[in-house]
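K.L.:
Have a look at this one before I ask anything.
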Amino acid sequence: MDTKKIVEMDRSHVVYSWHAQGDVNPIIMDHAQGIYQWDTDGKKYIDFCSGLLNINIGHGNKHVLDAMKTQMDKLCYVGTMFGTEPKARLAKMISEVTPGDLDYTFFTNGGAESIENAIKAARMFTGRHKIYSRWRSYHGATAGAITLTGDPRRWAAEPGIPGVVKFFGPYPYHDPFGGKTEEETNRKALEVLKTQIMLDGPHTIAAIFMEPVVGTNGIIIPNKEYMQGVRQLCDENGILLVIDETMAGWGRSGKWFAIEHFDVIPDIITTAKGLTSGYVQLGAMIWNKKLWDYFYDHPFVGGLTYAGHALACTAGIANIEVYKSENLIENSAVVGEHLKKRLLELKEKHACVGDVRAIGLWAALEFTSDKKTRAPLAGFNNSIQNVAGVFTKRLAELGLTLFAKWDFVFIAPPLIITKEQIDDAVAIIDEALKVVDAKIK
Ligand SMILES: Cc1ncc(COP(=O)(O)O)c(C=O)c1O
């Protein structure tokens, strides 16, 4: 069909997320393979953000597609009261790659639903009501998950669900505690959290929810001492630690799950995205043995029509097989080092790049208008001069798509990417950054 006709139908009938509808002007994508996608006019783009940071194994993987086609002919779905081989096999395979005793999976349809169910599980298990989550976090767009979220996407949903309490995590580039070094920032964040829990009443707190590495609020990476300190605070006070690996999991950080960087084992992991790399939607809430034992003789009061969808679980199984057979977790760590090196070069070269944060094949550039003072360029929740819009438009002209907002540029290519392909992409970013440099007075 003619691109004009598709655009016309799209802009007359499709409602897009997070935007005023009049501001939406989508590129119409037609097909994709590996790290590339093509629009309906045949233009090729490097997908440097893996869709929405979910297509970890890359587009059009034949092993996954074949497995799904075979399963589709056999069985797509049965009621959740029945077992199926794909559901059982995937749960077992997940238990083999998760850390510690996180061996028990409740399937959902995405990241937000996993959070909703983890809130319920934590409250049922502890008999406590408060849920702690961080400023500068994202946990999903459903009622509970958006209340836990610590960024402007929450505002429209306020007052949200009761009992949610926010705290600050470490953010060395703009430290809310005035720390001068990364260590100081992390230490102060932990001390403040400890005091907050004391004042709030530890016996009222069911769980602390955290992204192991902050995702859509800027790829903010804590240190080991901070994460281990939070685990210790939880242990001392009977609080559950729930780690949201929706974006961080499945090799994105160079390990199966980002929490492994910190030698911490949470009580619950929530995840989605790379579990099926978006071939079909699936999420998971994964419990440790303590949770499993409790719910062995207490009902888990939660359910979803599509929990454990046979076709989705087949996609999950085939994805894990691809992660293993193509060494994608290792590739993420190795090629990720190359990506980091190349991005640090961009920081040296461009006045607008204030900070580069990277872990595995997951990175952010943070723009600044002044490297010395670290003053923002676009600003928080802002699009002064439409920095992200102008930058992504230029990138698209040059044949690369990624996600950028405010002063953040998110880089997260499929884990199959090679060093040479990284170099191609960095050359495009290098060129496009000139339009951002030009905005600095
Ligand atoms: C850390 C985190 N949690 C939860 C979600 C929500 O996942 P979903 O959109 O699948 O509900 C996201 C989505 O980006 C996320 O990054």
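K.L.:
At least 2 residues that are over 25 Å from the mean Cα position of the chain (by Cα) and of a type in the set (Val, Ile, Thr) in each: list the helices (runs of 4 or more DSSP H) lying fully within segment 1-78 that qualify.
P.N.:
Where helices (runs of 4 or more DSSP H) fall fully within segment 1-78 and carry at least 2 residues being over 25 Å from the mean Cα position of the chain (by Cα) and of a type in the set (Val, Ile, Thr), they are 3-13.
K.L.:
Exactly one of (1) assigned to a helix (DSSP H, G or I); (2) more than 12 Å from the ligand (Cβ to nearest atom); (3) touching a residue at least 40 places away in the same chain (Cβ under 8 Å) is unmet by MET227. Its number?
P.N.:
So the condition that MET227 fails would be (3).
K.L.:
Continuing with this model, one more query. Residues in segment 257-290 that are in a loop (DSSP other than H, G, I, E, B), closer than 22 Å to LEU328 by Cα and touching a Gly at 6+ places or on another chain (Cβ under 7 Å): how many?
P.N.:
6
K.L.:
Mind checking which pairs have a first residue in segment 170-187 that is farther than 23 Å from LEU377 by Cα and not assigned by TED's automatic domain parsing to the domain that holds LEU377 and a second that is polar (S, T, N, Q) and surrounded by 16 or more Cβ atoms within 10 Å (Cβ to Cβ), Cβ under 7 Å, 6 or more apart or different chains?
P.N.:
GLU183/ASN223; ASN186/ASN223
Let's see how each residue does on (1) modelled with pLDDT of 95 or more; (2) within 16 Å of the ligand (Cβ to nearest atom); (3) surrounded by 14 or more Cβ atoms within 10 Å (Cβ to Cβ):
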position	(1), (2), (3)
VAL7	yes, no, yes
HIS31	yes, no, no
ILE46	yes, no, yes
ILE55	yes, yes, yes
HIS63	yes, no, yes
ALA91	yes, no, yes
LEU102	yes, no, yes
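K.L.:
Read through the list (1) in contact with a Lys or Arg (Cβ under 8 Å, 6 or more places away or on another chain); (2) within 16 Å of the ligand (Cβ to nearest atom), then give the number of the only condition that ASP263 fails.
P.N.:
So the condition that ASP263 fails would be (2).
K.L.:
When you go through VAL426, VAL387 one by one, which is the residue that is in contact with an Asp or Glu (Cβ under 9 Å, 6 or more places away or on another chain) and within 20 Å of VAL24 (Cβ to Cβ)?
P.N.:
Of the residues listed, the single one that is in contact with an Asp or Glu (Cβ under 9 Å, 6 or more places away or on another chain) and within 20 Å of VAL24 (Cβ to Cβ) is VAL387.
K.L.:
Hey, another quick one. From the list VAL390, VAL335, which one is of a type in the set (Val, Ile, Thr) and under 28 Å from GLY42 (Cα atoms)?
P.N.:
Result: VAL390 is the single residue among VAL390, VAL335 that is of a type in the set (Val, Ile, Thr) and under 28 Å from GLY42 (Cα atoms).
K.L.:
Test each condition in (1) crowded, with 24+ Cβ neighbours inside 10 Å; (2) more than 21 Å from the chain's Cα centre (by Cα) for GLY238 and report the one that comes out false.
P.N.:
Result: GLY238 passes all but (1).
K.L.:
Output the qualifying pairs, or none if there are none: Cβ atoms under 6 angstrom, residues six or more apart or on different chains, first residue in segment 354-369 and basic (Lys, Arg), second residue at pLDDT 95 or above and assigned to a strand (DSSP E or B).
P.N.:
Taking only residues 6 or more apart or on different chains, the pairs are ARG357/ALA364.
K.L.:
Now a separate question. Scan GLY278, GLY316, GLY274 and give me the residue that is on the phi > 0 side of the Ramachandran plot, within 16 Å of the ligand (Cβ to nearest atom), out of contact with any Cys (no Cβ under 9 Å at 6 or more places or on another chain) and at pLDDT 95 or above.
P.N.:
The conditions single out GLY278.
K.L.:
Provide a single number: the residues in segment 146-172 that are part of a helix (DSSP H, G or I), touching a Gly at 6+ places or on another chain (Cβ under 7 Å) and surrounded by fewer than 18 Cβ atoms within 10 Å (Cβ to Cβ).
P.N.:
0
K.L.:
Tell me, which residue of segment 112-145 that is within 11 Å of the ligand (Cβ to nearest atom) and surrounded by fewer than 22 Cβ atoms within 10 Å (Cβ to Cβ) is nearest to the chain's Cα centre (by Cα)?
P.N.:
The qualifying residue nearest to the chain's Cα centre (by Cα) is ALA141.
Residue-wise test of (1) out of contact with any strand residue (DSSP E or B) (no Cβ under 9 Å at 6 or more places or on another chain); (2) closer than 30 Å to ASN319 by Cα; (3) crowded, with 21+ Cβ neighbours inside 10 Å; (4) in the same structural domain as SER50 (by TED's automatic domain parsing).
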residue: LYS340; (1), (2), (3), (4): no, yes, no, yes
residue: LYS347; (1), (2), (3), (4): no, no, no, yes
residue: SER369; (1), (2), (3), (4): no, no, yes, yes
residue: PHE380; (1), (2), (3), (4): yes, no, no, yes
residue: LEU402; (1), (2), (3), (4): no, yes, yes, yes
residue: LEU415; (1), (2), (3), (4): yes, yes, yes, yes
residue: GLU431; (1), (2), (3), (4): yes, no, no, yes
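The values are calculated or read from the model by the stated rules, or taken from the named source; none is laboratory data. Here the structure is a predicted model, which is why all the values come from computation and not from measurement. Because the Cβ atoms are built from the backbone with ideal geometry, glycine has one as well, and the counts that use them run over all protein chains shown.
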